[in-house]
Amino acid sequence: MTPRLSDSPLDRETISTWVEKLQDDLRAAQEKVERAEANRLRIHQMLQNLLRLLELEDTADRPRAPRSPGTTAKRVMASVEAHPAAAQSATLHNYVVDRVRALFEDADGPLHINDIHAAFREHGWMIPGAGKPANITAHIRRSDQIEPGEERGLWRLAKSATRRPAQRSPRSRRARSA
C-alpha cells in the first residue's frame with residue numbers, strides 16, 4: 001500500500017496553504033520586476049533625450065568658444081554610470097555599430113536582428129530609442145561596416161570591414177631619361 005498525503009504529518013491543507021503563499025510571493029516579485037523594468041526604461045529614455053540634446057548642441061550652427069566637436073557629449077557620457085561603455089564612442093551611432101561589430105567577432109556568420117537585440121540586453125548595453133530591435137536596425141543600416149544578409153532580418157559584417165589594408169611594397173623610382 002502506497003502512503004498517502006493524509007497519512008503523513010504534512011496534510012493537503014498545509015501544503016495548499018504553502019502553495020498559495022508561494023504563488024502570492026511570486027506575483028509580488030513579478031510586480032517588483034515589472035516596476036524595476038519600467039523605471040529602467042524611463043531612465044534610459046531620459047538618458048537618450050539628454051544625449052540627443054548634446055548632439056544637437058554639438059552640431060548647432062552658432063558661434064561659440066572653440067572646442068573640439070563632441071567634447072560636451074563625451075564629458076556627460078563619461079559620467080553616466082549606468083552605461084559607462086557609451087563614453088567610448090563619440091556618438092550613439094558609433095556606440096551601436098561598435099557593439100554590433102563586437103558581436104560579429106564572436107559569431108560564426110550572419111546574426112538575426114532579434115539575436116543582436118537579445119545580446120544587447122544580455123550585456124546591459126544601451127539600446128537606442130524605444131529599446132526595440134528596429135532601433136538597432138536604424139543605426140546599423142546606415143553603417144558601411146555592416147550589411148544585410150541573404151534573408152530578412154539577417155545582418156553580417158561587410159566584406160569591406162573585414163578586409164585589412166594591403167601592405168604596399170616600397171616603389172623604386174624610375175631613372176630619369178636624359
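Close Cβ contacts (under 8 Å, 6 or more residues apart or on different chains) running from residues in the stretch 133-160 that are closer than 15 Å to residue 120 by Cβ to residues that are in a loop (DSSP other than H, G, I, E, B) and among the aliphatic types (A, V, I, L, M) comprise 135/127; 136/127; 146/158. When residue 21 is tested against the conditions (1) among the basic types (Lys, Arg); (2) surrounded by 10 or more Cβ atoms within 10 Å (Cβ to Cβ); (3) modelled with pLDDT under 90, the lone failure is (3). Out of everything in the stretch 157-178 that is surrounded by 10 or more Cβ atoms within 10 Å (Cβ to Cβ) and out of contact with any helix residue (DSSP H, G or I) (no Cβ under 7 Å at 6 or more places or on another chain), what residue ends up being modelled with the highest pLDDT? Out of the qualifying residues, it is 158.
The values are calculated or read from the model by the stated rules, or taken from the named source; none is laboratory data. All values reported here derive from a predicted model rather than from experimental measurement. No Cβ is skipped: glycine too gets one built from the backbone with ideal geometry, and neighbour counts run over all protein chains shown.
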